[in-house]
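Q: I'd like to ask some things about the structure below.
The values are calculated or read from the model by the stated rules, or taken from the named source; none is laboratory data. This structure is a prediction, so every number in the text was calculated from the model and none was measured. No Cβ is skipped: glycine too gets one built from the backbone with ideal geometry, and neighbour counts run over all protein chains shown.
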Amino acid sequence: MKSVLVIGLGRFGRHICMDLTQLKHEVMAVDKNEDCVNAVLPFVTSGIIGDSTREEFLRSLGISNYDLCIVAIGDDFQSSLETTCLLKELGAKEVVSRASRDVHAKFLLRNGADHVVYPEKQLADWTAIRYSSDMISDYFELNEDYSLFELKIPDAWVGMSIGKLDIRKKYKINILGFKHGNEFNLETTPDMVFKSGETMLVVGRNQDIQKCFHL
């Protein structure tokens with residue numbers, strides 16, 4: 001369990017608070033808007049109204065006591081940048097800041113952010129890839145070169161075994177498991193047979209996956 005400070009309680013920040021609480025972390029929620037704070041109080045450890053660009057206010061929160069600080073401010077880049085800088089100056093262990101443009105990401109990383117999340121861009125990238133092929137059911141980028149895909153099983157593969165296809169040798173792609181409805185089977189063996197109606201989880205280089213499945 002981590003102690004997390006979330007600053008900025010718009011829709012993005014509010015969802016972060018809800019998800020962190022479901023994961024059993026302790027969450028301190030901060031926003032200068034009273035209504036925003038009141039909206040998250042039912043599902044956070046505590047909430048406080050305040051201006052995160054004021055050093056005295058942030059200092060009063062005991063920044064160094066938090067395992068993680070998330071700056072989720074999305075509509076005021078100046079405030080986001082100032083908050084990020086102050087958090088690091090006050091001894092924040094790890095700062096994750098939200099960016100809405102490429103240039104914002106660069107400035108945040110140069111001024112105290114350990115990591116930057118770019119929700120609009122990341123969702124756009126996911127949407128473009130997810131819906132670019134009927135084969136793709138889900139997708140997760142591991143880095144610029146490697147990804148994890150949930151893919152429909154090609155008709156030509158149905159009834160064949162993993163060992164017979166041997167795509168690991170041919171394409172350097174690993175099959176991690178299968179999914180049927182909401183049920184996962186992650187214990188794969190060479191003699192397992194591809195079945196119609198299932199999807200498979202594969203991991204590998206993007207270019208290898210694209211070549212293998214004609215994505």
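Q: Would you check if there is a residue in the range 71-93 being assigned to a loop (DSSP other than H, G, I, E, B), loosely packed, with under 15 Cβ neighbours inside 10 Å, of a type in the set (G, A, S) and touching a helix residue (DSSP H, G or I) at 6+ places or on another chain (Cβ under 8 Å)?
A: Yes, there is a match, as at least one residue in the range 71-93 is assigned to a loop (DSSP other than H, G, I, E, B), loosely packed, with under 15 Cβ neighbours inside 10 Å, of a type in the set (G, A, S) and touching a helix residue (DSSP H, G or I) at 6+ places or on another chain (Cβ under 8 Å).
Q: Which of the residues spanning the range 21-38 are modelled with pLDDT under 95 and among the aliphatic types (A, V, I, L, M)?
A: L23
Condition check ((1) surrounded by fewer than 13 Cβ atoms within 10 Å (Cβ to Cβ); (2) in contact with a Phe, Trp or Tyr (Cβ under 7 Å, 6 or more places away or on another chain); (3) among the polar types (S, T, N, Q)) across all residues:
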{"site": "N111", "(1), (2), (3)": "no, no, yes"}
{"site": "Q122", "(1), (2), (3)": "yes, no, yes"}
{"site": "A128", "(1), (2), (3)": "yes, no, no"}
{"site": "D134", "(1), (2), (3)": "yes, no, no"}
{"site": "D155", "(1), (2), (3)": "yes, no, no"}
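Q: Would you please list the contacts, defined by Cβ atoms under 6 Å and residues six or more apart or on different chains, that run from a residue in the range 39-57 that is more than 10 Å from L86 (Cβ to Cβ) to a residue that is of a type outside the set (V, I, T) and assigned to a loop (DSSP other than H, G, I, E, B)?
A: Sorted first by the residue in the range 39-57, then by its partner, the pairs are V40/L9; D51/K32.
Q: Spot the failing condition for G74; the list is (1) under 23 Å from R101 (Cα atoms); (2) of a type in the set (G, A, S); (3) at pLDDT 95 or above, and only one is missed.
A: Unmet condition: (3).
Q: If you go through the range 16-50, how many residues are loosely packed, with under 14 Cβ neighbours inside 10 Å and not aliphatic (A, V, I, L, M)?
A: 9
Q: Within the range 103-120, restricting attention to residues that are part of a helix (DSSP H, G or I) and touching a helix residue (DSSP H, G or I) at 6+ places or on another chain (Cβ under 8 Å), which residue is nearest to R59 (Cα to Cα)?
A: From the range 103-120, those part of a helix (DSSP H, G or I) are 103-110, 119-120; that's our starting set.
Filter once more, so that each one left must be touching a helix residue (DSSP H, G or I) at 6+ places or on another chain (Cβ under 8 Å): 104, 107-108, 119.
Details: H104: 25, F107: 23, L108: 20, P119: 28 Å.
Restricting to residues being part of a helix (DSSP H, G or I) and touching a helix residue (DSSP H, G or I) at 6+ places or on another chain (Cβ under 8 Å), the top hit is L108.
Q: Next up: Filter the range 136-159 down to the residues that are modelled with pLDDT of 90 or more, among the aliphatic types (A, V, I, L, M) and in contact with a strand residue (DSSP E or B) (Cβ under 8 Å, 6 or more places away or on another chain) and list them by number.
A: I136, L148, L151, I153, listed by residue number.
Q: Quick check on this structure: which one of L186, L215, L165, L151 is without any contact (Cβ under 8 Å) to a residue 60 or more places away in the chain and either loosely packed, with under 14 Cβ neighbours inside 10 Å or within 20 Å of W126 (Cα to Cα) (or both)?
A: Details: L215 fails: without any contact (Cβ under 8 Å) to a residue 60 or more places away in the chain; L165 fails: either loosely packed, with under 14 Cβ neighbours inside 10 Å or within 20 Å of W126 (Cα to Cα) (or both); L151 fails: without any contact (Cβ under 8 Å) to a residue 60 or more places away in the chain.
Going through L186, L215, L165, L151 in turn, just one is without any contact (Cβ under 8 Å) to a residue 60 or more places away in the chain and either loosely packed, with under 14 Cβ neighbours inside 10 Å or within 20 Å of W126 (Cα to Cα) (or both): L186.
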